[in-house]
1. For THR115, indicate whether it is of a type outside the set (D, E, K, R) and in contact with a Lys or Arg (Cβ under 6 Å, 6 or more places away or on another chain).
2. State which residue is farthest from SER145 (Cα to Cα) when the search covers only region 8-61 and only residues that are at pLDDT 85 or above and among the charged types (D, E, K, R).
3. Which residue out of LEU158, LEU85 is modelled with pLDDT of 95 or more and either in a helix (DSSP H, G or I) or open to solvent by 40 Å² or more (accessible area, probe 1.4 Å) (or both)?
4. Across region 11-40, which residue is most open to solvent (accessible area, probe 1.4 Å) among those that are of a type in the set (Gly, Ala, Ser) and more than 21 Å from ARG123 (Cα to Cα)?
5. Any residue at all in region 178-186 that is of a type outside the set (Lys, Arg), open to solvent by 40 Å² or more (accessible area, probe 1.4 Å), in contact with an Asp or Glu (Cβ under 7 Å, 6 or more places away or on another chain) and at pLDDT below 85?
6. Condition test on LEU167, is it among the aliphatic types (A, V, I, L, M) and surrounded by 13 or more Cβ atoms within 10 Å (Cβ to Cβ)?
7. Of everything in region 65-82 that's within 22 Å of MET137 (Cα to Cα) and of a type in the set (A, V, I, L, M, F, W, C), which residue is surrounded by the most Cβ atoms within 10 Å (Cβ to Cβ)?
8. Across region 103-128, what is the number of residues that are surrounded by fewer than 16 Cβ atoms within 10 Å (Cβ to Cβ), at pLDDT 95 or above and either touching a helix residue (DSSP H, G or I) at 6+ places or on another chain (Cβ under 8 Å) or not β-branched (Val, Ile, Thr) (or both)?
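The values are calculated or read from the model by the stated rules, or taken from the named source; none is laboratory data. Please read these numbers as outputs of a predicted model, since none were measured by experiment. As a convention, Cβ positions derive from the backbone with ideal geometry for all residues, glycine included, and neighbour counts pool all protein chains shown. These area figures cover heavy atoms from the full protein model, side chains too; ligands, DNA and RNA do not enter into them. Shrake-Rupley method; radii C 1.70, N 1.55, O 1.52, S 1.80 Å.
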Amino acid sequence: MQPFPGALGLGVLRGRVHEFCGSARVNLAAMILRESQGPVIWIAPGWQADRIYSAGLVAYADPARLIYARARRAEDLLWAAEEALRSGAAAIVIAELPDLPGLTPVRRLHLAAETGAQMAQHRAHLPPLGLLLTPGMGGAQGVESRWHLVARPSGTTLIDTKEAWTLSRLRARMAPPASWDVARDMAGQITLSPAR
């Protein structure tokens, strides 16, 4: 396993599955997309009206890299993520989950990511990164790490546009909990600093 190149300097490991939660979890996934290359598979519940607004992703990454899949049933979300990770064809596999997955499906996703890492190595590609977007404070068992992102007052004015969030590492196998202030300026530059 190797750290994700860039990944905001957070040490997110490829070939593993990580959980993003909080009201701004989609923003966090978009920030990770910004620092990656290659195709991205984004799997979402087909029964929900919410969809990714590709024009909104332009500020972070090229939406043309996105392969968007809509699953008909909850169990299809995890199955599609597992198959996408196993193939090793996508740099990132994102699954928007309406509920927390059980431990067994998360273990299956890790095994699929490991297989995908081997497949990617044969093609001289980086191992896939699995991201589970979960509601609320998250809590999926067996994930490599759990990250929580929420918006905070940004100080945006009519002249200067800034976006701001608070990022927390709630859980990680190899690191203690921690928090950062995240900001994105008008030029799209993302910066992190230890939370105050």
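1. In short, yes.
2. Only one residue fits best here, namely ARG25.
3. One residue alone meets the criteria, LEU85.
4. If we take residues in region 11-40 being of a type in the set (Gly, Ala, Ser) and more than 21 Å from ARG123 (Cα to Cα), then SER23 is most open to solvent (accessible area, probe 1.4 Å).
5. Yes, the conditions are met somewhere in region 178-186.
6. So LEU167 passes the test.
7. Among those that are within 22 Å of MET137 (Cα to Cα) and of a type in the set (A, V, I, L, M, F, W, C), it is ALA81.
8. 3
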